[in-house]
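Shown next, in structure tokens, is the structure this report addresses.
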There are 2 protein chains.
Amino acid sequence: MPSAPNESGTMSETYVHGYHLRENERLQDQAGALVDLLHADTTYPDGSRVLEAGCGVGAQTVTLAQRSPGARFTSVDISADSIAEARRRVDRAGLTNVEFRQADIFALPFNPESFDHVFVCFVLEHLSRPVEALAILKRLLRPGGTITVIEGDHGSTYFYPDSPAAHAAIQCQVTMQREAGGNALIGRQVYPLLVEAGFEAVSVSPRMVYVDASRPALVDGFTRKTFTAMIEGIRESALAAGLIEPARFDAGVRDLYRTTEADGVFCYTFFKGVGKKGRGA
Amino acid sequence: MPSAPNESGTMSETYVHGYHLRENERLQDQAGALVDLLHADTTYPDGSRVLEAGCGVGAQTVTLAQRSPGARFTSVDISADSIAEARRRVDRAGLTNVEFRQADIFALPFNPESFDHVFVCFVLEHLSRPVEALAILKRLLRPGGTITVIEGDHGSTYFYPDSPAAHAAIQCQVTMQREAGGNALIGRQVYPLLVEAGFEAVSVSPRMVYVDASRPALVDGFTRKTFTAMIEGIRESALAAGLIEPARFDAGVRDLYRTTEADGVFCYTFFKGVGKKGRGA
């Protein structure tokens, strides 16, 4: 089980490849609408200290740091390779308000109350103990500080034309992520997880990606090259694990591509939650 | 198969009872947020002629007419009983800009190009030929006029804690509606249906109802008393049709109520589409 988001560690390469939405920065850039949908309402005041826990290869880091140029970001990941790539991206973007640290999210090298804000995106889905991770992050926040959590939910996926085979292919991903200790259906749980970890004033809002032919950038950037490519990318692992017959998996992927035609529709929902560390906590 | 929305006709009373979201006006009023979510962006200019096709008992009629006091509404339903109830509601609300007509949506007693706008809410889901209905409504629109369509989609339902039994109970509703000639998954199809009917500049936006314990009016008014009550209301019909075992159905309903507890989450999405009749159409 991964103890933290991990681009190259405990999960197989085949599983990891194509999995991380954040690896698709180039594709998401084609669909700037998606970046806005997730991040437009996240900005941090000048001078505030922000911990990004699980920065991966830095796709969110660049967006965050650009949107809050006066805030000071500390971005952490367990993988040195990911951090090296994240650092390259941040440098390429000409940003100077980010420093990187390699660390496990369950053993972060910071003093209590070191940060004003914490940001966690596409991370909890990989953890077998998400509430414990949130509690650790809460200790690093000053009283009154906030945490922002963004997670997807594969169970929020539906489309036209509908297809049982496509749902079966997606279910392989859900099963594999669960067997790796994660939870691909965690988006709907952001509210109860933040509450259970003791955050106050928790507010969750869904961020639904709705795609039809009138939105060609999302058809290509999200339905085709992010979501369907991710499912396509688990083919070998899913077959090796005996989760599905090859013909059925391939039909499912074909049916996902079918939703990108002129009469097709594709829906997926991310959940964004914000909570506050109480003054007495 | 119903040829038009029909509160008391071809479908069994048990099936109809509890089904129509619009019957739950009282409950939706507890959750004014839902009315805003669906209708806040629908207003018509003074003097415009608006056809509401399939007004049922008038829940939407009151909202529409209040929001556009200078527009003149013609609200049609196939059921005389529904129209009588709708008229009572409109009178009670003190509205004078609505007239009612009893008619089948496939045989509307109006001349071509009689209306500036058409509004259709929770109607197409009951029709076996929704594109044909839309084409008929398009003929009644003047060139440049708009149509607004709102539909739910039961396949957009997911929740925490997750429950296969709850999904099985919901599936009974989907199956029964399909066997009655309708489509409980039609929300995701609003875009392709409007395009196929020949409307131009079609724009669809999802209206997701996200419910967690921080939104108690929606917990009670939507999850408990609208959606779960609707599923509970089909129990006898679903069992009589042999669609599910009683114990499994009851477990499903129990699990839907379970989502209204402090750590529960419930999600449902409506789709709202607007299209325009072309100048050359």
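The values are calculated or read from the model by the stated rules, or taken from the named source; none is laboratory data. Not measured: the values here are computed from a predicted model. Here the Cβ is made from the backbone with ideal geometry for all residues, glycine too, and neighbour counts use every protein chain on show. Just the protein is used for accessible areas: all its heavy atoms, side chains included, with ligands, DNA and RNA removed. Shrake-Rupley method; radii C 1.70, N 1.55, O 1.52, S 1.80 Å.
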Is it the case that the range B:194-204 has a residue that's assigned to a helix (DSSP H, G or I), out of contact with any strand residue (DSSP E or B) (no Cβ under 7 Å at 6 or more places or on another chain), farther than 23 Å from A:VAL209 by Cβ and not acidic (Asp, Glu)? no
State yes or no: is A:ARG101 basic (Lys, Arg) and without any contact (Cβ under 8 Å) to a residue 24 or more places away in the chain? no
Go through the range B:230-251 and report how many residues are open to solvent by less than 50 Å² (accessible area, probe 1.4 Å), farther than 27 Å from A:ARG207 by Cα and not polar (S, T, N, Q). 7
Boolean, A:GLY280 is within 30 Å of A:THR146 (Cβ to Cβ), within 14 Å of another protein chain (Cβ to nearest Cβ), in contact with a strand residue (DSSP E or B) (Cβ under 8 Å, 6 or more places away or on another chain) and of a type in the set (Gly, Ala, Ser): no
Would you be able to tell me the number of residues in the range A:167-189 that are within 14 Å of chain B (Cβ to nearest Cβ) and either open to solvent by less than 30 Å² (accessible area, probe 1.4 Å) or outside any loop (DSSP other than H, G, I, E, B) (or both)? 11
Quick check: is even one residue across the range B:105-128 within 24 Å of B:GLU200 (Cα to Cα), among the charged types (D, E, K, R) and within 19 Å of the chain's Cα centre (by Cα)? yes
If a residue has to be touching a helix residue (DSSP H, G or I) at 6+ places or on another chain (Cβ under 9 Å), more than 7 Å from every other protein chain (Cβ to nearest Cβ) and closer than 30 Å to B:ALA33 by Cβ to count, how many in the range B:195-209 make the cut? 3
Can you tell me which residue is farthest from B:THR226 (Cα to Cα) among those in the range B:26-55 that are surrounded by fewer than 17 Cβ atoms within 10 Å (Cβ to Cβ) and at pLDDT below 75? B:GLY32
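Only one of these is at pLDDT 95 or above and farther than 21 Å from B:GLN60 by Cα: B:LEU127, B:LEU193, B:LEU141, B:LEU137. Name it.
Details: B:LEU127 fails: farther than 21 Å from B:GLN60 by Cα; B:LEU141 fails: farther than 21 Å from B:GLN60 by Cα; B:LEU137 fails: farther than 21 Å from B:GLN60 by Cα.
Being at pLDDT 95 or above and farther than 21 Å from B:GLN60 by Cα holds for just one of B:LEU127, B:LEU193, B:LEU141, B:LEU137, which is B:LEU193.
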Residues of the range A:190-217 that turn out to be within 15 Å of A:ILE147 (Cβ to Cβ) and either among the hydrophobic types (A, V, I, L, M, F, W, C) or open to solvent by 20 Å² or more (accessible area, probe 1.4 Å) (or both), as a count: 15
